[in-house]
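Asker: Here it is, the structure, as structure tokens.
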Amino acid sequence: ISDEGRVVGVSPEEGRRVSQRLSRLEPYPEVRVTALTLTGKYVMVVEVEASKKLVTLGGVAYIRVGPTNRPLSINELVHKAIDLALVRLDEAPSEVPVDEVDRGAVAWYLDRREEVRGVRARGTPAENLRALRAMVDGPGGPVLTYAGVLFFTPRPDEHLPGAALRIIRMDGDLNPLETHEVNGPVWRVADETHNLLVSMLGRVESRVGAARRSVLEYPEAAIREAVVNALAHRHYGTMSDVRVMLGPESLVIRSPGTFPPGVDPDSPEHVPRNPLLCSYLYDTGYIERYGFGLRKIREAVAAHPLVEVRFDVTPTRVDVVFERRPGKALSEDEQRVLSLLEEGPASSSSVAEVLGVSKPTALKRLRRLEEFGLVERTGRGRGSLFRLRS
């Protein structure tokens, strides 16, 4: 097809050259070649599926820049290989000697693993580090893998620039008001970030009869899960840090790196970029089930009366965006239901009578309050009652 959009076709010789070049691709991608005739011209249609692997031509990987192709640089190849989960950076040996390990962190991990998973430690700390693949032999003696650096040294950011986390509170015009940098091993960064964020968040109150009930303005369980996910799955080969940006109407948790091929928020398969780091977090209870994090975030948000969540994915980052939605606030009818239940358990028929609505409508209001975690049902069938969740 010409630049002007005219069908010019290809000659049989050009068609053979296309087929020869396709055969030189390594590994061979999913390709469909269809031959057809348009306006009397011979045309080849070549459809190539996105590959989960890095495809090369003659041993060279290329990138399209404007109207030309150029080979990927060594640095670009490394980053692309990490993005495609072909290279596991956390399994690679670093230049950090094993004597930089925080022995307190190793003891904490072993005790915590026994408490959470029932796995008792055997041998010396060094033997355990080797069994965990946190320590390997280097040219000058034992060194830590990058997973070992991230989990068992006091300041991983001194060896991996960008390994810290930054919390930024912003005003309505997105100007920074205050910044907090959180450093340390990954598990400690997760704990300190969670605690600091909870202290920075306000609470939203609603009147229930003569009393008041309040919820954190963002769901605590979802925030913690998003922070742990960002630290566990981020691209540690970049110098960008994990960023938590708190504004008047939103909370954004930004993780460097994108999802591996074939994985997205709607298909959250467990394809870890950092498998060793994920295994340490699983051992210590920060990750409960592989591939379950996004579902936990969505469930926690669904039970919150004021917040919705979305996932913004670009080639260089993943943003988990929690947004305040006034439309999710409790309605007047729902407030009246809570006031009624403050006096004691009630049936759906009683609720319908107080609201002056049909029973199905009353059940709809009650189910929404159940989703928010404010009301629970006891009993079955006609004998079921609804009461405030303690």
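Asker: Please report Rg over Rh for segment 124-181, where both radii come from the alpha carbon positions and Rh follows the Kirkwood definition. Walk me through the numbers on the way to the answer.
Answerer: Numbers: Rg = 17.5 Å, Rh = 13.8 Å.
The Rg/Rh ratio comes out at 1.27.
Asker: How much FRET efficiency would the formula 1/(1 + (r/R0)^6) give for GLU95 and ARG295, where r is the Cβ-Cβ distance and R0 is 51 Å, rounded to 0.05? Kindly include the intermediate steps, with their values, before the conclusion.
Answerer: Details: r = 38 Å, r/R0 = 0.75.
That gives a FRET efficiency of 0.85.
Asker: Can you report the principal axis dimensions of the chain using only the alpha carbons, biggest first, rounded to whole angstrom?
Answerer: 84, 71, 46
Asker: Let me ask you something else. Tell me the label-point distance for the pair SER250, LEU201, using the 7 Å Cα-to-Cβ offset, in nm and rounded to one decimal.
Answerer: The modelled label-to-label distance comes out at 1.8 nm.
Asker: If you roll a 1.4 Å probe over the heavy atoms of the protein chains, what accessible area per residue do you get for the chain, in Å²? Don't jump to the answer; show the numbers that get you there.
Answerer: On the way: 21180 Å² over 390 residues.
Here the residues of the chain average 54 Å² of exposed surface.
Asker: With r as the distance between the Cβ atoms of ARG325 and ILE1 and R0 = 45 Å, compute the FRET efficiency 1/(1 + (r/R0)^6) and round to 0.05. Walk me through the numbers on the way to the answer.
Answerer: Working: r = 47 Å, r/R0 = 1.04.
For R0 = 45 Å, the calculated efficiency reads 0.45.
Asker: How much accessible surface does VAL101 have with a 1.4 Å probe, in Å² rounded to 10?
Answerer: The accessible area of VAL101 comes to roughly 20 Å².
Asker: If you don't mind, there's one more thing I want to ask. Would you mind working out the magnitude of the charge dipole of the chain relative to its Cα centre, with +1 at each Lys and Arg C-beta and -1 at each Asp and Glu C-beta, to the nearest 20 Debye?
Answerer: Numbers: 54 positive and 54 negative charges, 249 e Å.
The calculation lands at about 1200 debye.
Asker: How much length is gained if the chain between TYR42 and GLU332 is pulled fully straight, taking 0.36 nm per residue apart and subtracting their Cα-Cα distance, in nm to one decimal?
Answerer: On the way: separation 290, 0.36 × 290 = 104.40 nm, distance 6.85 nm.
In short, 97.5 nm is gained.
Asker: Distance in nm between label sites at ASP111 and ARG155, each 7 Å beyond Cα in the beta-carbon direction?
Answerer: Result for the modelled spin labels: 2.5 nm.
Asker: Before rounding to the nearest 500, sum -39500 (n - 2.57) across all DSSP H runs of length at least 4 in the chain and divide by the residue total; then give [θ] at 222 nm in deg cm²/dmol. Working shown, then result.
Answerer: Numbers: 12 runs with 131 residues, N = 390.
One gets -10000 deg cm²/dmol as the mean residue ellipticity at 222 nm.
Asker: Amide H of VAL357: which non-local residues (sequence gap of 5 or more, or other chain) have their own amide H closer than 5 Å, using H built in the peptide plane?
Answerer: none
Asker: What do you reckon, how do GLU376, GLU100 stack up by accessible area (1.4 Å probe), largest on top?
Answerer: Heavy-atom accessible area, descending, gives GLU100, GLU376.
Asker: In what order, largest first, do TYR28, TYR282 sit by accessible area if the probe radius is 1.4 Å?
Answerer: If we order TYR28, TYR282 from most to least accessible, we get TYR28, TYR282.
Asker: Hey, any idea what % of the chain's accessible area is carbon plus sulfur with a 1.4 Å probe?
Answerer: Values: 10540 of 21180 Å².
Carbon plus sulfur share of accessible area: 50 percent.
Asker: Where is the GNM fluctuation largest for the chain (alpha-carbon springs, 10 angstrom cutoff): ARG21, ARG117, ARG203?
Answerer: ARG21
Asker: Rank these residues by their accessible area, most exposed first, probe 1.4 Å: ARG224, ARG243.
Answerer: Values: ARG224 75, ARG243 95 Å².
Sorted by accessible area, descending: ARG243, ARG224.
Asker: Note down the accessible area of GLU249, probe 1.4 Å, to the nearest 10 Å².
Answerer: Counting only protein heavy atoms, GLU249 exposes about 110 Å² to solvent.
The values are calculated or read from the model by the stated rules, or taken from the named source; none is laboratory data. Model, not experiment: these values are computed from the prediction. Backbone-built Cβ (ideal geometry, glycine too); neighbour counts: all protein chains shown. Side chains are part of the model used for accessible areas, which takes the heavy atoms of the whole protein and leaves out ligands, DNA and RNA. Shrake-Rupley method; radii C 1.70, N 1.55, O 1.52, S 1.80 Å.
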